[in-house]
Amino acid sequence: MNLCIVGTGYVGLVSAACFAEMGNTVCCVDVNPKVVDMLRQGKVHIYEPGLEQLVQRNTSEGRLTFTTDLAEGLENALFVFVCVGTPSRADGSCDLSYVHQVARQVGQTMKDYKIVVDKSTVPVGTADQVKALIGEELARRGLDLEFDVVSNPEFLKEGDAVSDFMKPDRVVVGTENVRTAKLLEALYAPFARSRDKLVVMGVRSAEMTKYAANCMLATKISFINEIANICERVGADVRDVRMGIGSDSRIGYHFIYPGVGYGGSCFPKDVKALIRTAREHDFTPQLLESVDEVNDRQKLVLPGKIRAYFAEQGGVEGKTLALWGLAFKASTDDVREAPALAMIRALTAAGMRVRAFDPVAGATARQALGENDLLEINGKDQYAILEGADALAVVTEWNQFRNPDFGRMKKLLKAPIVFDGRNLYQPETMAANGFAYFGIGRKP
Ligand code: UGA
C-alpha cells in the first residue's frame, strides 16, 4: 500500500519505518529541511533503540523516502497519516495549529480519494475539524473529491517505540465507515495478527480512548507515589506494598513503580488537556486534577529530602550534588517535563552546585536548561562527577546505574550519601556498604 506520513517525530518516524518494513511504500513529509536531509542520509535525529537500522534498510531498499513537499508525499498515497506535534499552551489546552495546517494543505493539494488518519494525540472533536477544513479547501478549489478522516491513536512508548509498534497490545481505529475500517485492518494485519487486537469504534470514542489510556496510567503512578509518601511516614516499605498489591491480577505490577513523578511529552500534557476539555464541558474532573497536582508535588520530593538532610549543615548553598540521569526515563534522550530538570532548577535556585551525568540526554538537557553557572553536565563518565561531591542523587533508571561499583562511589564522594529517586538500590545493601540512603517510600 502507499502511505504519506506527515511529521517525523517519535510517532511519525517509527510508524513510517515500521510500515515500510512490512513492504509498504512510505513517503515522509517534514517541514524541517535539515531533518529531511539527515533522514535521507540514513541519520536519525532522535534517540530510539533500533530505529536507525530500520530507517537505513528501508531507505536503501527504496520503500522509505523523505520530502519537505506535502504535494509530492500525497501524490500516490491512499493513506495520509497526520503525526505532527500538538504542544500544550500555557493554559493546558492543546495547540492544534500544526494539525489544522496539514488539513488545509491536504485539501489544497489532493487530487483523488484519500484516507486522512489522525495519529497525533488530539482532543475529542479534532477529526471533525480536520474534515471540515479539508472540505472547505476543496470547496474553494471547486472540487467535490471523496475523502475520509479516521482517528487511529498511537500507544507506543519512547525507548520501546519500535517493538511497541511492531507488537501492539491493540490497534484502535475510529471511523463510522466500514470500507475504511477494512482498509486499515488490511494495513495493520501484519502487526495485529490476531483480529481481536483491532478495536473499531466511533471517531470520538477513539480520540477519547487515547486520553483515557494515558490518564489511567498517570493515575496509577500518582496513586503509588501517594502510597509511597504515606509508607515512609508510617514505617512501611512501598517496594513490599507494590509486590503485595501487584499480585492481584485486577491491579497488576506494571506502572505502579513509585519515583520522582511522571514526565515526558505525553502524560503531563494529556492529563492537563483532558482536564481542560472536561472543564470546557462544564465538568470538574476532580480525580484528574489531583493526579496532576500529586505529580507536581512528587517532582519536588527528592529535592525536599536533600534540602532536609543538609538543613542541619547550614543548607544546600555551596554544597555539590552529583546527579545520575537527566532523561525523563531510561533509553531516551528526551528531557521534556523531566523531573531531573525541575529538581536542578529548584536546587540551583537555592545555591546548590549540580554535576549531572546522563549517557545520552546531556545535550538536550543543556538546551532545555540554558547556561547556569551552578550546573555542569558530563556525558562520558558517571564516576567522574562523584569526586568531592557532597551526595549523589539518582533520578533516571538507566541500567548502568543499577549495579554500580559502590566501593568506588564511596571513595570518590566526600560523604557516602545517596538519594535514590527510583528505588534502584536496597536499603540493607546500602547500609552494609556504609551509605546513608534515602529512597522513595521506604523505611528511613
Ligand atoms: C506514554 C505511554 O506509556 C504510551 O503508551 C503512550 O503512547 C505515550 O505516552 C504517548 O502518549 O505518546 P512515554 O511517555 O514514552 O509513553 O513513557 P512511559 O514509559 O509511559 O513513562 C512516562 C513517565 O512515567 C516516565 O517519566 C516514567 O519514569 C514514569 N513512570 C512510569 C513512573 O514513574 N512509574 C511507573 O511505574 C511507570
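Run residue 389 past the list (1) touching a Lys or Arg at 6+ places or on another chain (Cβ under 7 Å); (2) of a type in the set (A, V, I, L, M); (3) in a loop (DSSP other than H, G, I, E, B); (4) within 16 Å of the ligand (Cβ to nearest atom) and report the number of the one that doesn't hold.
Against the list (1) touching a Lys or Arg at 6+ places or on another chain (Cβ under 7 Å); (2) of a type in the set (A, V, I, L, M); (3) in a loop (DSSP other than H, G, I, E, B); (4) within 16 Å of the ligand (Cβ to nearest atom), residue 389 comes up short only on (4).
Can you find even one residue in segment 18-27 that is loosely packed, with under 14 Cβ neighbours inside 10 Å and without any contact (Cβ under 8 Å) to a residue 12 or more places away in the chain?
no
Among the residues in segment 35-56, are any in contact with a Phe, Trp or Tyr (Cβ under 9 Å, 6 or more places away or on another chain), closer than 30 Å to residue 272 by Cβ, assigned to a loop (DSSP other than H, G, I, E, B) and touching a residue at least 60 places away in the same chain (Cβ under 8 Å)?
yes
State all residues of segment 246-265 that are over 16 Å from residue 302 (Cβ atoms), at pLDDT 95 or above and surrounded by 17 or more Cβ atoms within 10 Å (Cβ to Cβ); if no residue qualifies, say none.
256, 264
Just to confirm my filter: which helices (runs of 4 or more DSSP H) fall fully inside segment 140-257 and include at least 2 residues that are within 30 Å of residue 51 (Cα to Cα) and in contact (Cβ under 8 Å) with a residue 60 or more places away in the chain? Reasoning before the result, please.
Values: elements: 161-166, 178-188, 203-234, 238-246.
Here the list reads 161-166, 178-188, 203-234.
All but one of (1) within 12 Å of the ligand (Cβ to nearest atom); (2) free of Cβ contacts under 8 Å to residues at least 24 places away in the same chain; (3) among the hydrophobic types (A, V, I, L, M, F, W, C) hold for residue 338; state the number of the condition that does not hold.
(2)
Which of the residues spanning segment 41-81 are farther than 23 Å from residue 127 by Cα and among the β-branched types (Val, Ile, Thr)?
Once the filter is applied, which keeps residues that are farther than 23 Å from residue 127 by Cα and among the β-branched types (Val, Ile, Thr), segment 41-81 yields 44, 46, 55, 59, 65, 67, 68.
So, in segment 3-25, how many residues would count as being farther than 30 Å from residue 398 by Cβ and either in contact with a Cys (Cβ under 8 Å, 6 or more places away or on another chain) or among the aromatic types (Phe, Trp, Tyr) (or both)?
5
In segment 189-242, what count of residues is obtained for those that are more than 23 Å from the chain's Cα centre (by Cα), within 16 Å of the ligand (Cβ to nearest atom) and of a type in the set (S, T, N, Q)?
Total satisfying the criteria: 1.
Scan segment 214-245 residue by residue and report those that are within 12 Å of residue 423 (Cβ to Cβ) and surrounded by 19 or more Cβ atoms within 10 Å (Cβ to Cβ).
Once the filter is applied, which keeps residues that are within 12 Å of residue 423 (Cβ to Cβ) and surrounded by 19 or more Cβ atoms within 10 Å (Cβ to Cβ), segment 214-245 yields 224, 225, 228, 231, 232, 238, 239, 242.
If residue 270 satisfies all but one of (1) in a helix (DSSP H, G or I); (2) in the same structural domain as residue 93 (by TED's automatic domain parsing); (3) buried (at least 17 other Cβ atoms within 10 Å of the Cβ), what's the number of the condition it fails?
Of the numbered conditions (1) in a helix (DSSP H, G or I); (2) in the same structural domain as residue 93 (by TED's automatic domain parsing); (3) buried (at least 17 other Cβ atoms within 10 Å of the Cβ), the odd one out for residue 270 is (2).
Quick one: how many residues across segment 40-67 are of a type outside the set (D, E, K, R) and closer than 13 Å to residue 19 by Cβ?
5
What's the total number of residues in segment 243-299 that are away from the ligand (no atom under 14 Å from the Cβ) and at positive phi?
Going through segment 243-299 one residue at a time, the tally reaches 1.
Can you pull out every residue in segment 367-393 that is within 16 Å of residue 353 (Cβ to Cβ), surrounded by fewer than 13 Cβ atoms within 10 Å (Cβ to Cβ) and either of a type outside the set (D, E, K, R) or in contact with a helix residue (DSSP H, G or I) (Cβ under 7 Å, 6 or more places away or on another chain) (or both)? Steps first, answer last, please.
First, pick out the residues of segment 367-393 that are within 16 Å of residue 353 (Cβ to Cβ): 369, 371-378, 384-393.
From what's left, surrounded by fewer than 13 Cβ atoms within 10 Å (Cβ to Cβ): 371, 373, 384, 388.
Within segment 367-393, 384, 388 qualify.
Under 7 Å by Cβ, and 6 or more places apart or on different chains, what pairs join a residue from segment 312-328 that is at positive phi and in the same structural domain as residue 389 (by TED's automatic domain parsing) with one that is assigned to a strand (DSSP E or B) and of a type outside the set (Ser, Thr, Tyr)?
The qualifying pairs are 325/394.
Exactly one of these conditions fails for residue 46: (1) under 30 Å from residue 137 (Cβ atoms); (2) buried (at least 17 other Cβ atoms within 10 Å of the Cβ). Give me its number.
It fails just one condition, (1).
Just for segment 139-158: of the residues that are of a type in the set (Gly, Ala, Ser) and away from the ligand (no atom under 16 Å from the Cβ), which one is farthest from residue 172 (Cα to Cα)?
142
Can you pull out the residues in segment 119-171 that are among the β-branched types (Val, Ile, Thr) and over 24 Å from residue 94 (Cα atoms)?
162
If I ask for residues that are within 16 Å of the ligand (Cβ to nearest atom) and assigned to a loop (DSSP other than H, G, I, E, B), which ones from segment 304-335 would you list?
If we filter segment 304-335 for residues that are within 16 Å of the ligand (Cβ to nearest atom), which is where we start, we get 323-335.
Within segment 304-335, 325, 326, 327, 328, 329, 330, 331, 332, 333, 334, 335 meet the criteria.
Is one or more of the residues making up segment 62-77 in contact (Cβ under 8 Å) with a residue 40 or more places away in the chain, within 23 Å of residue 157 (Cα to Cα) and in a loop (DSSP other than H, G, I, E, B)?
No, there is no match, as no residue in segment 62-77 is in contact (Cβ under 8 Å) with a residue 40 or more places away in the chain, within 23 Å of residue 157 (Cα to Cα) and in a loop (DSSP other than H, G, I, E, B).
The values are calculated or read from the model by the stated rules, or taken from the named source; none is laboratory data. Because the structure is a prediction, the values reported are computed rather than measured. We place every Cβ from the backbone using ideal geometry, glycine too, and count neighbours over all the protein chains shown.
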